[in-house]
């Protein structure tokens, strides 16, 4: 693997213009294809095989006009009643009914009394059914909908779009977040490298890889459903890892140039060492995220697939585009002082005898290595190693304290009540709650497959069912049942007393299923957005332990192979579980308890969507492997060279801490820039992943890892003999670097 990567790096550096040109053509071509053949993103929380999914299929089959995807047009009168403008409302709903993809649009004032009119007559909630997921409809469709309801607005009524209709034309716009993240990343990279060229290279690679990955995702959306938040989550993760992978390669290359390597030789060597670590770390992230398919829920699996696609593209870019850019830049990746020093050193060596030149280079490297080992980070590593029990205990207690809020985790769903106040969906939500009660924003439908018996018996069955539902705690209203023309299926609409996102509404769904429906004497289903999300949450929560087990086992296997040590894999799994638990605790404290939630644009406490912990676990566990691989590969390299485990920890930290700290800082600012997104779910992921990276790069990598590695000593690299015979020796950090060789050419390269 190392030989192959080195040849790849050297080839890309030597033929840098063709490689850059190929990348440019591919990315531009993908964008062109995306514009012509790309699909749209939709949220589909359906859980195959669940009660809500089966009931929805029955409803769509037997009630053509009640099937489809629901939405509503909300009319509000600030003076008088909506019925005063009945003609305008009728015209508006007739126009809506004539739009493409609309299955049915009900005139809410066609009957009196109407269940769609509030008691005071100032709010009317007119149902609309769509043949497609409304969120898949674009801004042009929204403009057509605005035109359709214009007669009502011209008559002085406020018109808002509720339910699924409120999602029409909503497209994620993360350009501001991306711009902020990239700008802050550039500043941090420049502060580290003191070279604008070196700072820019990881960002160029990130733009190419993320852009290409999003174009691929858009093309796949034409044949597969991806959630609306998929490109945002994928961009959030893709930008972070792309910049980090570029940083690791550029940093290693610069270090080797300082040690006297030629440009092409150094690029090949960086590719075979840091590139190998990137390949393992990136592969771990991809496989960990694809582990989301363990959930058995297409929505969650698709979120994982979208992120995995972007991470895979960033790995390819790191291994091909970065070496090409480094080859193009030459010595310009060094700052002016370092370039001058390198040129002077090469000129000096050219004047020396071969043996003297080799000795000089060895002496220079020894001096630099000694300074490296005496750096502030290395001194910190030795300080922790001197008192491992003390530092390890304090760090563990800190993580356990941060994990405490996790004990009160409330998995639930988010509704339009968390949308920005200026959104039509939020205005419709508030108007419906004002006119009909909060539960009207998430009505339930009980679908009954009527038994084969006479009509009077079925009518008695439905009457008993309606009465039982009306007496059920948490039910605000039950509408009269409707029966399909064939008389085989009935539907009963139930309005809860509480909002869709409340735990009480979830309890009501479970209560109806367990206490009311079993005695009906017919096959029944509870469907609707809330019922579907209850099934979604139950399915995801039930698979969470399976995901944890699969990802931890994967990481254990990969690290055991990478470092030829079972202990390293177990240690990494335990420490990563601690850091993920702490990140979960912070998420609960901020969003569920409301501690500082206003700082990220959330003014009320909200439940945690069930897929957020699962998605966070896969992503964070995968990302933590990045730092684990980069740090321990250097520690192992030092241990092999010195056979001193105590000293190897200090050397490893001294060699990687500055890079890892900068990489972590970049990921944190990139992640936090996405709190500007309106979607609370994206905010949760941004905060949770930023906190997780902060904890991992500081408490775990700088305290717990050196503490544990010191306590383990040489046992950290233990591998059973039977495993030693079957596990391949991939030497993640590569073969030991060859000693400096005298230069054959007396020429001195010109100063760039």
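The values are calculated or read from the model by the stated rules, or taken from the named source; none is laboratory data. Keep in mind the model is a prediction, meaning the values are calculated, not measured. Every residue, glycine among them, receives a Cβ derived from its backbone with ideal geometry; neighbour counts consider all protein chains shown.
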Counted residues, the range 1-30 - those being touching a helix residue (DSSP H, G or I) at 6+ places or on another chain (Cβ under 7 Å) and assigned to a helix (DSSP H, G or I): 16
Given (1) assigned to a loop (DSSP other than H, G, I, E, B); (2) under 27 Å from the mean Cα position of the chain (by Cα); (3) closer than 28 Å to residue 428 by Cβ, index of the condition residue 107 fails: (2)
Count - residues of the range 434-465 that are over 40 Å from the mean Cα position of the chain (by Cα), surrounded by fewer than 17 Cβ atoms within 10 Å (Cβ to Cβ) and assigned to a helix (DSSP H, G or I): 7
Filter pass, residue 76 being in contact with a helix residue (DSSP H, G or I) (Cβ under 9 Å, 6 or more places away or on another chain), at pLDDT 90 or above, crowded, with 16+ Cβ neighbours inside 10 Å and closer than 30 Å to residue 166 by Cβ: yes
Hey, residue 476 under 30 Å from residue 450 (Cβ atoms) and in contact with a strand residue (DSSP E or B) (Cβ under 7 Å, 6 or more places away or on another chain) or not: yes
Any hit, the range 633-646, residues being in contact with a helix residue (DSSP H, G or I) (Cβ under 6 Å, 6 or more places away or on another chain), part of a helix (DSSP H, G or I) and closer than 20 Å to residue 399 by Cβ: no
Only one of 281, 288 that is within 30 Å of residue 678 (Cβ to Cβ), at pLDDT below 90 and crowded, with 23+ Cβ neighbours inside 10 Å: 288
Check on residue 201, modelled with pLDDT of 90 or more and over 24 Å from residue 335 (Cα atoms): no
Residue within the range 67-88 that is part of a loop (DSSP other than H, G, I, E, B), over 33 Å from the mean Cα position of the chain (by Cα) and under 30 Å from residue 265 (Cβ atoms) present: no
Failed condition for residue 303, given (1) touching a helix residue (DSSP H, G or I) at 6+ places or on another chain (Cβ under 7 Å); (2) modelled with pLDDT of 90 or more; (3) within 30 Å of residue 190 (Cβ to Cβ): (3)
Residues of the range 190-210 satisfying the condition of being part of a helix (DSSP H, G or I) and more than 18 Å from residue 25 (Cα to Cα): 190, 191, 192, 193, 196, 197, 198, 199, 200, 201, 202, 203
Contacts under 7 angstrom Cβ, first residue in the range 421-438 being closer than 17 Å to residue 120 by Cβ, partner in a loop (DSSP other than H, G, I, E, B), 6 or more apart: 435/118; 435/122; 436/118; 437/497; 438/498; 438/499
Residues located in the range 548-582, provided they are more than 20 Å from the chain's Cα centre (by Cα), buried (at least 24 other Cβ atoms within 10 Å of the Cβ) and within 19 Å of residue 694 (Cα to Cα): 572
Selected residue (only one of 213, 169 is touching a residue at least 40 places away in the same chain (Cβ under 8 Å) and either crowded, with 20+ Cβ neighbours inside 10 Å or part of a loop (DSSP other than H, G, I, E, B) (or both)): 213
When residues of the range 331-344 are limited to those that are at pLDDT below 75 and surrounded by 17 or more Cβ atoms within 10 Å (Cβ to Cβ), the one nearest to residue 191 (Cα to Cα): 342
Cβ-Cβ under 6 Å pairs, at least 6 apart or on other chains, the range 238-255 side without any contact (Cβ under 8 Å) to a residue 40 or more places away in the chain and on the phi < 0 side of the Ramachandran plot, far side in a helix (DSSP H, G or I) and surrounded by 24 or more Cβ atoms within 10 Å (Cβ to Cβ): 252/270; 252/274
